[in-house]
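A.B. asks: For reference, the structure I am asking about is given below.
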Amino acid sequence: MDVLDELLTGTRAQDGVFNLTILDLPWALEIRDEAPLALATIVRGSGWLTRAGIEPQRMEQGDVAIVTGPEPYVVGDTTATTPVLRIHPGGVCERLPGAPIDYSAQLGVRTFGGRKSGEIMVASGTYSVAGDVSRRLVTALPPVLVVPAAEVAGAVMDMITTEIQRDVPGQQTVLDRWLDLALITTLRAWFARPESQAPGWYQAQTDPVAGAALRLLHEDPAHPWTVTELADRVGVSRASLARRFTAVVGEAPMSYLTGWRITLAADQLRSTRDTVETIARRVGYANAFALSVAFKRVRGITPTDHRRAA
């Protein structure tokens, strides 16, 4: 099992909101979509992505940015240019004071700006993040990351201007799948960069020892694993597995398994009406009491309280 695939399962675009904005210099676009995970790319032109509390990020044409958290961000020609348009949740575009009068014009489906031949074209899209499994991925990312165009699948990005502006049956599904593919290719490229500080579970996937053990844990988390059995299945000594797994992943095998089981249980508590007993057995605990003890130790609340909070 590919761990990244599993974490991406709940991080899929569903009724994703797209915007294509076409502007002229000087320009700045404020995005207040309040999404837990968003993507932006400059289709035409170049500029800067700024957000409170982080260093401005330079974006050249075709570069892709992934933004986590609901806080707003700005894409503009300089870090000081005042925004002329604001994107609200649901893709609503607002013309701000000082902007040319035609900047609130709808140039087509999902497209706003002054004229189709404008100097700058910015595309943005938002994702929903379903459950604790997906949040495990989101929390591994920085607030803003930018991947150069050369490292992102060009054919995927080339679809933007055509697909966003089309309005045909099934188009929302096409756009959602485009967002999924754009996210996957961008994250793969980001994690491959030295400065990404990729999480241990990602780095481990290419390690012959830690990666093999990690895949076994994800394929069958309910199995009554021990370090000894895991080491036998991988083909190394118990000490070698414990040492290598901890060095690469950042925690011991059984500690990782506990965290993963609790994450799976947390998702199921929120997304199903199954009893705590049923969920406990499904994720590897003998009964509801055993899950409750582990859940409270890791999360600080009981499974029942976690479900109520949803």
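A.B. asks: Say each of GLN197 and ALA150 gets a label point 7 Å from the Cα, pointing the same way as Cα to Cβ; how far apart are those two points in nm?
C.D. replies: Taking the two extended label points, one gets 2.6 nm.
A.B. asks: Between ARG243 and THR79, what is the label-to-label distance in nm when each label sits 7 Å out along the Cα-to-Cβ direction?
C.D. replies: Result for the modelled spin labels: 4.6 nm.
A.B. asks: Could the peptides 49-59, 210-220 be put in order, highest first, of the mean number of other beta-carbon atoms found within 10 Å of their residues?
C.D. replies: Per-residue Cβ counts within 10 Å, averaged per peptide and sorted highest first, yield 210-220, 49-59.
A.B. asks: For an R0 of 51 angstrom, estimate the FRET efficiency from the Cβ-Cβ distance between SER255 and LEU96 and round to the nearest 0.05.
C.D. replies: It comes out at approximately 0.55.
A.B. asks: If you add up the charges near VAL67, with Lys and Arg at +1 and Asp and Glu at -1, over every other residue whose beta carbon is less than 12 angstrom from its beta carbon, what do you get? Please report the intermediate quantities before stating the final value.
C.D. replies: On the way: positive: ARG32, ARG51; negative: ASP33, GLU34, GLU71.
Once all neighbours under 12 Å are counted, the net charge is -1.
A.B. asks: Separation between the THR173 and VAL138 pseudo-spin-labels, each 7 Å from Cα along Cα→Cβ, expressed in nm?
C.D. replies: 2.6
A.B. asks: Shifting gears a bit: Where the only charges are on Cβ atoms (+1 Lys, Arg; -1 Asp, Glu), what is the dipole of region 163-292 about its Cα centre, to the nearest 20 debye?
C.D. replies: 240
A.B. asks: With the dipole of region 184-310 worked out from charges on the C-beta (+1 for Lys and Arg, -1 for Asp and Glu) around the Cα centre, which of VAL248, ALA265, ILE301 lies farthest toward the positive end?
C.D. replies: Of the listed residues, the answer is ILE301.
A.B. asks: Something else about it: Please say if region 179-260 is rounded, prolate or oblate, where rounded means a/c under 1.5 for a ≥ b ≥ c the square roots of the C-alpha gyration tensor eigenvalues, and otherwise the choice is prolate for a/b larger than b/c and oblate otherwise?
C.D. replies: Note, shape of region 179-260 comes out prolate.
A.B. asks: Report the relative contact order of region 187-271, percent, no decimals, based on alpha-carbon pairs under 8 angstrom and at least 6 residues apart. Can you show the working numbers first?
C.D. replies: Numbers: 64 pairs, mean separation 23.3, N = 85.
Computed value for region 187-271: 27 percent relative contact order.
No value in this document is a laboratory result; all are computed from the given coordinates. The structure presented is a predicted model; accordingly, all values stated were derived computationally and were not measured. When we count neighbours, we look across all protein chains shown, and the Cβ atoms used for this are built from the backbone with ideal geometry, even at glycine.
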